[in-house]
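Asks: Following this message is one structure expressed as structure tokens.
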């Protein structure tokens with residue numbers, strides 16, 4: 001993929017797939033989601049590169065009222081989006097303000113949805129993994145779970161480096177959490193399990209991830225199986 005891919009998943013949910021090449025030749029891509037609010041305007045979940053096509057797609061959906069940086073790793077393009085949409089409120093993972101130092105953060109994400117999207121998006125802060133501090137969202141209308149690095153779904157890649165890295169990480173050819181999450185990122189097994197149990201209490205079918213393909217259906221059993229090592233023990 002050399003150009004952004006923009007597609008409507010639901011009348012109020014648009015996915016934007018961005019090409020992204022990391023140092024060392026790793027080609028994972030990344031994904032933004034744009035949610036149209038019932039009150040007017042949109043929320044951008046995980047801001048990505050703002051090409052002309054991406055700007056036009058976002059602007060066509062309505063004024064940007066909020067930018068969400070849901071974990072401590074996906075902030076590479078946040079500053080550019082803040083400059084582009086200065087009127088937008090910025091919601092960020094716990095610790096991101098301290099990590100970046102000079103970035104605007106209006107509200108720190110937690111388990112309680114702010115009034116801006118309450119009733120449309122539910123959220124759970126995955127505790128027990130402090131280097132990630134990812135908040136997972138449920139878009140109720142489309143029954144879509146919005147994840148970043150909690151799970152991967154890298155099914156194929158033209159990059160040998162990417163294939164090798166993802167295989168070593170246990171995150172190639174299927175859906176689920178990575179070995180790095182299980183053995184390094186997770187610090188408190190009980191806390192992570194409690195968070196995953198709350199996610200599994202939701203009614204969802206589709207799952208979006210930052211890296212890999214969108215899981216269009218069967219998302220709930222896929223998450224349950226992916227975390228069975230945690231929840232069945």
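Asks: Filter the range 65-107 down to residues that are within 15 Å of residue 126 (Cβ to Cβ) and over 16 Å from the mean Cα position of the chain (by Cα), then give me how many there are.
Replies: Qualifying residue count for the region: 1.
Asks: Moving on. Checking residue 14 against (1) under 28 Å from residue 178 (Cα atoms); (2) loosely packed, with under 15 Cβ neighbours inside 10 Å: exactly one of these is not met. Which one?
Replies: Result: residue 14 passes all but (2).
Asks: Could you tell me which numbered condition residue 198 fails, if it satisfies all but one of (1) modelled with pLDDT under 90; (2) surrounded by fewer than 21 Cβ atoms within 10 Å (Cβ to Cβ); (3) in contact with a strand residue (DSSP E or B) (Cβ under 7 Å, 6 or more places away or on another chain)?
Replies: The one condition residue 198 does not meet is (1).
Asks: Then there's this: For the range 69-183, give me every one of the helices (runs of 4 or more DSSP H) that falls completely inside it and has 1 or more residues that are buried (at least 21 other Cβ atoms within 10 Å of the Cβ) and modelled with pLDDT under 95. Outline the logic, then answer.
Replies: Details: elements: 78-84, 96-100, 160-168.
Qualifying helices (runs of 4 or more DSSP H): 160-168.
Asks: Could you count how many residues in the range 207-233 are farther than 27 Å from residue 4 by Cα, free of Cβ contacts under 8 Å to residues at least 40 places away in the same chain and not in a helix (DSSP H, G or I)?
Replies: 2
Asks: Given the conditions (1) surrounded by fewer than 21 Cβ atoms within 10 Å (Cβ to Cβ); (2) in contact with a strand residue (DSSP E or B) (Cβ under 6 Å, 6 or more places away or on another chain); (3) touching a residue at least 40 places away in the same chain (Cβ under 8 Å); (4) over 17 Å from residue 31 (Cα atoms), which single one is not true for residue 57?
Replies: If we test residue 57 against (1) surrounded by fewer than 21 Cβ atoms within 10 Å (Cβ to Cβ); (2) in contact with a strand residue (DSSP E or B) (Cβ under 6 Å, 6 or more places away or on another chain); (3) touching a residue at least 40 places away in the same chain (Cβ under 8 Å); (4) over 17 Å from residue 31 (Cα atoms), just (4) comes out false.
Asks: Going through the range 19-38 one residue at a time, which ones are under 24 Å from residue 105 (Cα atoms), touching a strand residue (DSSP E or B) at 6+ places or on another chain (Cβ under 8 Å) and either free of Cβ contacts under 8 Å to residues at least 12 places away in the same chain or surrounded by fewer than 20 Cβ atoms within 10 Å (Cβ to Cβ) (or both)?
Replies: Passing the criteria: 36, 37.
The values are calculated or read from the model by the stated rules, or taken from the named source; none is laboratory data. Just so it is clear, the model here is predicted, and its values are computed rather than measured. Quick reminder, even Gly has a Cβ in these numbers, built from the backbone with ideal geometry, and neighbours come from all protein chains shown.
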